[in-house]
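Quick notes on the structure that follows.
Taken together, the values in this text are just the output of simple stated rules run on the coordinates, not laboratory data. Bear in mind the structure is a predicted one, so any value in this text is a computation, not a measurement. For neighbour counting, all protein chains shown are included, and Cβ atoms are generated from backbone atoms with ideal geometry for every residue, glycine included.
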Amino acid sequence: MNKEITIPKDKKIYNTGDLMALGLSYYKINKLIEEEKLVKLNKSHYENLEFQGEDNDFYYVSAYAQTGVICLLSAAIYYDLTTYRPDAIDVAVPKKKNITTLPEWPIIKIYYFDKDRYDLGVNQIDIGRNQFKIYDKEKTVVDIVYYRNKIGIEETKEILTNYLKQSERNINQLIRYSKQLKCYDILSTYLEVMI
């Protein structure tokens, strides 16, 4: 009698290692694809089509950019700092990393950060057995000020205004980050006008 193969329904994206750890062989993985329980995203990642939980496009980032960190406008949306809704997920990766394969959906926009900018202020968010990395609020604001010409001046102002209104803000951390990432002068000019 053939026992039905199941994988936990509380995780959205699995890599080959995760599936092997569950006792699945390549044959069984292919069987799950045939049964439309899994869909192959790339060489080593699969989407669980039987996922039950709160969906989040950020879960896909680890499949296409393992070192990816949610940044800029996508992080600003996560922290309720903007009403602007971009059509892509902003993802930071280390400068030397070569990301070659990206999905048609969700659209992932890659930013290559140097080591200092990439390493600073990374948080891991765990939602059940799903996770993604995202820059903390202060790092997000500093990056947006730094990339203000790419992001848009109006969006930058909106994000800073909303950040300053939030009770859970850390101005000291904001200033510390801006000094480390060499955009303190620009940030302080904005703050002088706004405070």
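Once C-alpha pairs closer than 8 Å and six or more residues apart are averaged by separation and normalised to the residue number of region 57-194, the relative contact order reads 24 percent. Computed over the chain, the P(r) curve from all C-alpha pair distances, binned at 5 Å from the origin, holds 1, 7, 15, 17, 16, 13, 9, 8, 5, 4, 2, 1, 0, 0, 0 percent per bin. Ellipticity at 222 nm from helices only: DSSP H runs of n ≥ 4 in the chain, each -39500 (n - 2.57), divided by the residue count, give -11000 deg cm²/dmol.
Rounded to the nearest 5, the antiparallel percentage of DSSP beta bridges internal to region 57-194 is 55%.
Let's test the formula: R0 of 22 Å, r as the Cβ-Cβ distance of GLN173 and ASP116. What FRET efficiency results, to the nearest 0.05? Efficiency, rounded to the nearest 0.05: 0.90. For region 1-53, the C-alpha radius of gyration divided by 2.2 N^0.38 Å, with N the number of residues, is 1.03. Its Cα centre serving as origin, the chain has a Cβ charge dipole (Lys and Arg +1, Asp and Glu -1) of approximately 660 debye. The equivalent ellipsoid that matches the C-alpha gyration tensor of region 89-135 spans semi-axes of 19, 18, 8 angstrom, in descending order. Annotation for LYS95 and SER188: the two label points, set 7 Å from Cα along the Cα-Cβ direction, are 2.6 nm apart.
Dimensions of region 137-177 based on its C-alpha atoms, expressed as ranges along the principal axes with the largest first, amount to 26, 19, 11 Å.
Think of the chain as having a plus end and a minus end, set by charges on the Cβ of Lys, Arg, Asp and Glu; of TYR60, TYR184, PRO8, TYR184 sits farthest toward the positive end of this dipole.
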